[in-house]
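K.L.:
Got a structure for you, questions after.
The values are calculated or read from the model by the stated rules, or taken from the named source; none is laboratory data. No experiment lies behind these values; they were computed from the predicted model shown. For neighbour counting, all protein chains shown are included, and Cβ atoms are generated from backbone atoms with ideal geometry for every residue, glycine included.
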Amino acid sequence: MSSNNKIEYIAREELESLQFRRLKDTLERVYKSSPFYRKMFKENGLNPSKFKSLKDLSLIPFTTRQDLRDNFPYGLLSVPLEKVIRLHTSTGTTGKPKAVLFTQKDIDQASELIARSMRMTGAKRDDVFQNMMSYGLFTGGLIFHYGAEKLGLLVIPAGAGNTERQIQLMRDFKTTVIHITPSYALYLADVMEDMGLDPKHDLSLRIAYLGAEPYSEETRVKIQDIFGVDAYNSYGLSEMNGPGVAFECREKEGMHLWEDNFIMEIIDPSTGKVLEDGEEGELVLTSINREAMPILRYRTGDLTYIYPERCRCGRTHRRIARLKGRVDDMFIVRGVNVFPSEIERVLMSLPEVGRNYQIVLEREKNLDKLRVRVEVKGDLFNGSLEHLRKLEDRIRTRLRSELMLTPQVELVEAGSLPRTTGKAKRVIDKRKI
Ligand code: ADP
Ligand code: ZN
């Protein structure tokens, strides 16, 4: 422990009293200045003085994505516009974007959380950091950028895409640390191999931060092997600053959610009931260290659970498990509920499976059909037909025994499925078209 990371090891009691102080302060500010919360408090007979302990948080109704859209763009703003210096929006994976506003202090604080997270994983001032997330309205670019600068690394604001230039930059500047979506990392590896380069030996990478989309432990392992890096899971959402909400430490067992900045709860997504640590449900977050636009009890839509035990690293901030996906990522085929991440876990545990897959849902004669399109490893596709049939069978059997699915499996050549340089789109639901 050094003097600048004391907050990571703060005693639980102290952390909770800090949370309560910050919550009270936040409540007073939103009650006074945010039109949306002022109205919500009035309608529910609430005012800041009613809150006597952290438990009273549950008096507040949830804030939803719809609330953010209905009050777009300034309805949740809690400071005068003259104090606002930055706008970000969500990438709009699901519907219309949501506007998120920052004061200077908010930007500083968000950067601080990134710097803290990077330092936790061993990034140092002499590292060369290439940020391969898209710059612009998406928070993954600029917020991470500011954090890395705060920690003092050399930052290369490469952005997403332009893969050959990325590779050139990594080779010229001997990039050691990258921030990238897991799907783009696999794509990047494919391009390098096509160019006759080995991602492990022809680059100098040692750390990769993977986030912005759900992925499996098996994919992490794959990326670590391909690039010879330590890959860390990084979680965030624009509504709560962007990246840096929760981050893995070197134990790589769950992500520490920075509880001095956010209060977390897990709820049953259908009833709204608050669940115990260890129980899986929807993550609900309250920002308690935001000036421009604090959000109370925000339903993130993301499914996870809280680890009940203290982490071996000694940090006191509780951890959340790898995200299973979003409540609305789940689809139902013939009565079976599935998350794309579960299919991914099964696929990526098979060594013959390549780096990309796609899930297609169709309806034929009123019957749902699930088709899983899977890229196979390099040369395999040119091998014997019998070999491919056997692999198809194995995939089908595994999906049936582990997830109770009976999909049609279609093997395709490596590199033939569509790629994105940002968040991957895994499911094509033709039933809705
Ligand atoms: P959008 O809601 O438009 O996707 P954001 O860019 O703010 O907007 O994305 C935040 C969302 O991305 C999270 O709510 C979560 O669903 C997903 N996400 C971010 N990081 C991770 C991660 N490490 N694992 C799984 N999902 C993640
Ligand atoms: Zn830890």
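K.L.:
Within 30 Å of LEU303 (Cα to Cα) and within 12 Å of ligand 1 (Cβ to nearest atom) - does that describe any residue in region 187-197?
P.N.:
No: region 187-197 contains no residue that is within 30 Å of LEU303 (Cα to Cα) and within 12 Å of ligand 1 (Cβ to nearest atom).
K.L.:
Let me ask you something else. Looking only at region 199-224, filter to residues that are in a loop (DSSP other than H, G, I, E, B) and hydrophobic (A, V, I, L, M, F, W, C); which one of those is surrounded by the most Cβ atoms within 10 Å (Cβ to Cβ)?
P.N.:
At the first step, the residues of region 199-224 found to be in a loop (DSSP other than H, G, I, E, B) are 199-206, 212-216.
Of the ones still in play, those that are also hydrophobic (A, V, I, L, M, F, W, C) are 203, 205, 212.
Details: LEU203: 21, LEU205: 20, ALA212: 29.
Among those that are in a loop (DSSP other than H, G, I, E, B) and hydrophobic (A, V, I, L, M, F, W, C), it is ALA212.
K.L.:
Which residues, taken from region 308-340, are in a loop (DSSP other than H, G, I, E, B), surrounded by 14 or more Cβ atoms within 10 Å (Cβ to Cβ) and away from ligand 2 (no atom under 16 Å from the Cβ)? Break it down stepwise before answering.
P.N.:
Of region 308-340, the ones in a loop (DSSP other than H, G, I, E, B) are 308-318, 321-324, 330, 334-335, 339.
If we keep only those that are surrounded by 14 or more Cβ atoms within 10 Å (Cβ to Cβ) too, we end up with 311, 313, 315-318, 321-324, 330, 339.
LEU323, LYS324, MET330, PHE339, listed by residue number.
K.L.:
Run down LYS32, LYS52, LYS39 and say which single residue is of a type outside the set (A, V, I, L, M), loosely packed, with under 13 Cβ neighbours inside 10 Å, assigned by TED's automatic domain parsing to the domain that holds THR139 and not in a helix (DSSP H, G or I).
P.N.:
After applying the criteria, what remains is LYS52.
K.L.:
Which ones in region 364-386 are surrounded by fewer than 15 Cβ atoms within 10 Å (Cβ to Cβ), of a type in the set (A, V, I, L, M, F, W, C) and part of a strand (DSSP E or B)?
P.N.:
LEU367
K.L.:
Would you call ALA158 within 16 Å of ligand 2 (Cβ to nearest atom) and not charged (D, E, K, R)?
P.N.:
No, not satisfied.
K.L.:
If you don't mind, another one. For ARG290, state whether it is away from ligand 2 (no atom under 16 Å from the Cβ) and outside any loop (DSSP other than H, G, I, E, B).
P.N.:
Answer is no for this residue.
K.L.:
Additional query: Which one is nearest to ligand 1 (Cβ to nearest atom), of the residues in region 115-168 that are among the hydrophobic types (A, V, I, L, M, F, W, C) and within 14 Å of TYR184 (Cα to Cα)?
P.N.:
So, considering only residues that are among the hydrophobic types (A, V, I, L, M, F, W, C) and within 14 Å of TYR184 (Cα to Cα), the one nearest to ligand 1 (Cβ to nearest atom) is MET133.
K.L.:
So which pairs qualify, if the first residue must be in region 242-266 and in the same structural domain as ASP25 (by TED's automatic domain parsing), the second must be within 16 Å of ligand 2 (Cβ to nearest atom) and of a type in the set (D, E, K, R), the Cβ gap must be under 6 Å, and the two must be at least 6 apart or on different chains?
P.N.:
From residues that are in the same structural domain as ASP25 (by TED's automatic domain parsing), the pairs are GLU251/ARG312; GLY254/ARG319; MET255/GLU248; MET255/ARG319; HIS256/ARG315; HIS256/ARG319.
K.L.:
Another question, if that's okay. Counting only residues that are modelled with pLDDT of 95 or more and in a loop (DSSP other than H, G, I, E, B), which one in region 138-154 is surrounded by the most Cβ atoms within 10 Å (Cβ to Cβ)?
P.N.:
My answer is LEU153.
K.L.:
On to the next question. Does region 245-259 hold any residues that are crowded, with 20+ Cβ neighbours inside 10 Å and either assigned to a loop (DSSP other than H, G, I, E, B) or within 13 Å of ligand 2 (Cβ to nearest atom) (or both), and which are they?
P.N.:
Within region 245-259, ALA246, PHE247, GLU248, CYS249, GLY254, MET255, HIS256, LEU257, TRP258, GLU259 qualify.
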